[in-house]
Amino acid sequence: MPDRSVHAMPFGAEVRPDGTVRFRLWAPTVPSVALQLDGGEALPMRAAGEGWFELTTDRVGPGARYHYVLPDGLKVPDPASRFQPDDVHGPSQVVDPGGYRWRNTGWHGRPWHEAVLYELHVGTFTPEGTYRAVIDRLDHLVELGVTAVELMPLADFAGTRNWGYDGVLPFAPDAAYGTPDDLKALVDAAHGRGLMVFLDVVYNHFGPEGNYLNAYAGSFFTDRHETPWGAAINYDGAAGRHVREFFIHNTLYWLEEYRFDGLRFDAVHAIADDSDPDILVELAERVQDTVGRERLVHLVLENDDNAARYLERDDTTARHFTAQWNDDYHHVAHVLATGEQGGYYEDYARDPVGRMARALAEGFVYQGDASPYRDGERRGEPSAHLTPLAFVNFLQNHDQIGNRAFGERLAELAAPRRLRALMTATLLGPAVPMLFMGEEWGERRPFNFFCDFGGDLAQAVRDGRRREFAKFPEFADESARARIPDPTAVQTFEGSRLDWEARTRDPHADWLAFVRDLLRVRNAELAPRLNGVGAGTVVWRRDAAFAVSWPLADGASLLLLANFGDADVEGVAKRPGRLLGASGPEVAERLADGALPGWSALVSVEE
């Protein structure tokens, strides 16, 4: 690849080869727009038809700051701003993306079957909370056995503290973490260490503060569809073509200009689109026809609908999306680890062992089945035919920890023996595994929900957070709800930072060594044989014990034996094959005598 990367966009501020800068804004609901240069005069922009306004000028260059000015005098940032040094209400900054010189130009990605994902939040991953500080921890991830870093959303959000799902300027990496070049340096440094880098993007809504689109582009939204956040983004209305291009270019921008290896699309079940093809299919096809022709790029969904059709394959090649976060796997694993059955865990309370076996073998637990939590509503599509590589399995992520009232991690909630068995199945199963930052050493600090809104909005968030938990018996009393951390408080954010010193102390050091050993085996023994792995089959079940087998492309098979109950299961026939790993050294010894210990897992290859 060349040492410079620029994604050409039909909107925003573009530095031209002759040194001029072209500004272009879609503002279909206002009659005129002016460009306000920081500290200078307002320059009228030319109406270019279909709601577009343009201006090319030699009065500014890279680093210049600007606003767009509407007829009523309101100054708004560029919705395609590449950088917002003074946050969402401040001026946008002209960025020349060609100014960054990439060092690792030979990088063309890694195949998906080698992926081991590690989700992190830039602001709480390190004490410094910056892109540059993440670089200093990349060697830890390489030594751990991670092959792909997944960053929680970076789109510019209001304030300095946020999970990232309240972004309002999708092209501007948030200045709280550093500059665009700092982010590129992080991706570059990761590639130099053989690490892929993924970015979480949000195309289902905008955050509640700093979104000015309604002031000049009201047709960006539609009331024909309802979402949890109000009017839906208009992907399928009369003006939908311009809206679709905005987000398609956002995808291409991150992949081309920042050289991300893939994107994770947040909560696509909340995207309302009646088009054919819908925005997801069109977006995936555009990626395949552009950057996907040049290097390996992977697109991953979060989709509560369990829509398996997006994950279909042509042989081993994904037609549209590479994989989906498998929330079903997480939920049933959580029930097994903790015994919790409230809320959506109700759907996994009946025969959790059987449901775990199904998740391992077939991907989704809910494949059109009736959901008790949803009052019998059917959810999902058949997935048993899909390769396990179509699923990302995990025991924890930002949502499942942070959406708890106190942000507790599994190390606080579950017995170590249970976690060892579940971690063995997760890291040595054929689905792509994901860890959440700190999970590798059994971090006990919480990861809480936090944000940095002010005024009435801050109070509304505080009230809403506590009201959300009022339906739980343990928070029925107002005094109990008052103990829930204030998401707008600085200490809630600070308390969510990782304790890096803990990894050097037991029991954390012992857990870290255990996870490293499992990933060492996965990367050396399992990953090279996973390309072409087929769908699994539950080949044996007795009480809380079961076996799942997956065919490997070379004619061998991968076998998982697990007992997710307290009691030992006797009379288990010794399985032939080469042991890859187990949750403890005693598991293989006991299996030789025909017994599978309680809370154990063992993985082998049958040649």
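Of all residue pairs spaced 6 or more apart or on separate chains, those with beta-carbon atoms under 6 Å, a first member in the stretch 578-607 that is under 15 Å from VAL548 (Cα atoms) and a second member that is in a helix (DSSP H, G or I) and polar (S, T, N, Q) are ALA601/THR424. Report, by residue number, each residue of the stretch 40-75 that is without any contact (Cβ under 8 Å) to a residue 24 or more places away in the chain and buried (at least 19 other Cβ atoms within 10 Å of the Cβ). Result: MET45, single match.
Among residues of the stretch 515-574 being of a type in the set (Val, Ile, Thr) and not in a helix (DSSP H, G or I), the one that is modelled with the lowest pLDDT is VAL572.
Table: residues versus (1) under 27 Å from MET152 (Cβ atoms); (2) touching a strand residue (DSSP E or B) at 6+ places or on another chain (Cβ under 8 Å); (3) touching a residue at least 40 places away in the same chain (Cβ under 8 Å).
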| site | (1), (2), (3) |
| --- | --- |
| GLY454 | yes, no, yes |
| ARG467 | yes, no, no |
| SER479 | no, no, no |
| ASP486 | yes, no, no |
| ASP506 | no, no, no |
| ASP517 | no, yes, yes |
| VAL521 | no, yes, yes |
| ASN531 | no, no, yes |
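Given the criteria among the charged types (D, E, K, R) and either in contact with a helix residue (DSSP H, G or I) (Cβ under 8 Å, 6 or more places away or on another chain) or over 22 Å from ALA415 (Cβ atoms) (or both), does ASP273 qualify? So ASP273 fits the description; yes. Out of the stretch 262-295, which residues are among the β-branched types (Val, Ile, Thr), under 19 Å from GLY167 (Cβ atoms) and assigned to a loop (DSSP other than H, G, I, E, B)? Of everything in the stretch 262-295, just one residue is among the β-branched types (Val, Ile, Thr), under 19 Å from GLY167 (Cβ atoms) and assigned to a loop (DSSP other than H, G, I, E, B), namely ILE271. Looking across the stretch 60-116, just one residue is on the phi > 0 side of the Ramachandran plot and acidic (Asp, Glu), and that is ASP87. Determine if the stretch 424-437 includes at least one residue that is at pLDDT 95 or above and more than 30 Å from PRO551 (Cβ to Cβ). Within the stretch 424-437, one or more residues are at pLDDT 95 or above and more than 30 Å from PRO551 (Cβ to Cβ).
Residue pairs whose Cβ atoms lie under 6 Å apart, sitting 6 or more positions apart in sequence or on different chains, and linking a residue in the stretch 303-321 that is more than 19 Å from ASN204 (Cβ to Cβ) to a partner that is basic (Lys, Arg) and part of a loop (DSSP other than H, G, I, E, B), are GLU312/ARG319. Do we have any residue at all in the stretch 421-430 that's of a type in the set (Val, Ile, Thr), crowded, with 23+ Cβ neighbours inside 10 Å and free of Cβ contacts under 8 Å to residues at least 40 places away in the same chain? No, the stretch 421-430 contains no residue that is of a type in the set (Val, Ile, Thr), crowded, with 23+ Cβ neighbours inside 10 Å and free of Cβ contacts under 8 Å to residues at least 40 places away in the same chain.
When you scan the stretch 324-338, do you find a residue that is in a loop (DSSP other than H, G, I, E, B), without any contact (Cβ under 8 Å) to a residue 40 or more places away in the chain and not assigned by TED's automatic domain parsing to the domain that holds TRP599, even just one? Looking through the stretch 324-338, none of the residues is in a loop (DSSP other than H, G, I, E, B), without any contact (Cβ under 8 Å) to a residue 40 or more places away in the chain and not assigned by TED's automatic domain parsing to the domain that holds TRP599. Taking the stretch 116-134 as the range and being part of a loop (DSSP other than H, G, I, E, B), buried (at least 16 other Cβ atoms within 10 Å of the Cβ) and touching an Asp or Glu at 6+ places or on another chain (Cβ under 9 Å) as the test, the residues that pass are THR126, THR130. When each of VAL146, VAL95, VAL142 is tested for being outside any loop (DSSP other than H, G, I, E, B) and β-branched (Val, Ile, Thr), the lone residue that passes is VAL142. For the condition surrounded by fewer than 22 Cβ atoms within 10 Å (Cβ to Cβ) and at positive phi, ASP315 qualifies.
Scanning the stretch 362-374 for any residue that is touching a Lys or Arg at 6+ places or on another chain (Cβ under 9 Å), within 21 Å of VAL548 (Cβ to Cβ) and among the hydrophobic types (A, V, I, L, M, F, W, C) turns up at least one such residue.
Cβ-Cβ distances below 8 Å connect the following pairs, each with a first residue in the stretch 234-260 that is of a type in the set (Ser, Thr, Tyr), a second residue that is part of a loop (DSSP other than H, G, I, E, B), and a separation of six or more residues or different chains: TYR235/ILE271; TYR235/ALA272; TYR235/ASP273; TYR235/SER275; TYR235/ASP278; TYR253/HIS7; TYR253/MET9; TYR258/SER5. Kindly list the number of the only condition in (1) within 19 Å of ARG82 (Cβ to Cβ); (2) among the aliphatic types (A, V, I, L, M); (3) modelled with pLDDT of 95 or more; (4) outside any strand (DSSP E or B) that fails for VAL60. Among (1) within 19 Å of ARG82 (Cβ to Cβ); (2) among the aliphatic types (A, V, I, L, M); (3) modelled with pLDDT of 95 or more; (4) outside any strand (DSSP E or B), VAL60 violates only (3).
Consider the stretch 138-177 and keep the residues that are crowded, with 22+ Cβ neighbours inside 10 Å and of a type in the set (D, E, K, R). The one that is farthest from TYR253 (Cα to Cα) is ARG161.
The values are calculated or read from the model by the stated rules, or taken from the named source; none is laboratory data. Given the structure is predicted, the values throughout are model-derived calculations rather than measurements. Please note: Cβ atoms are built from the backbone with ideal geometry, for glycine as well, and neighbour counts cover all protein chains shown.
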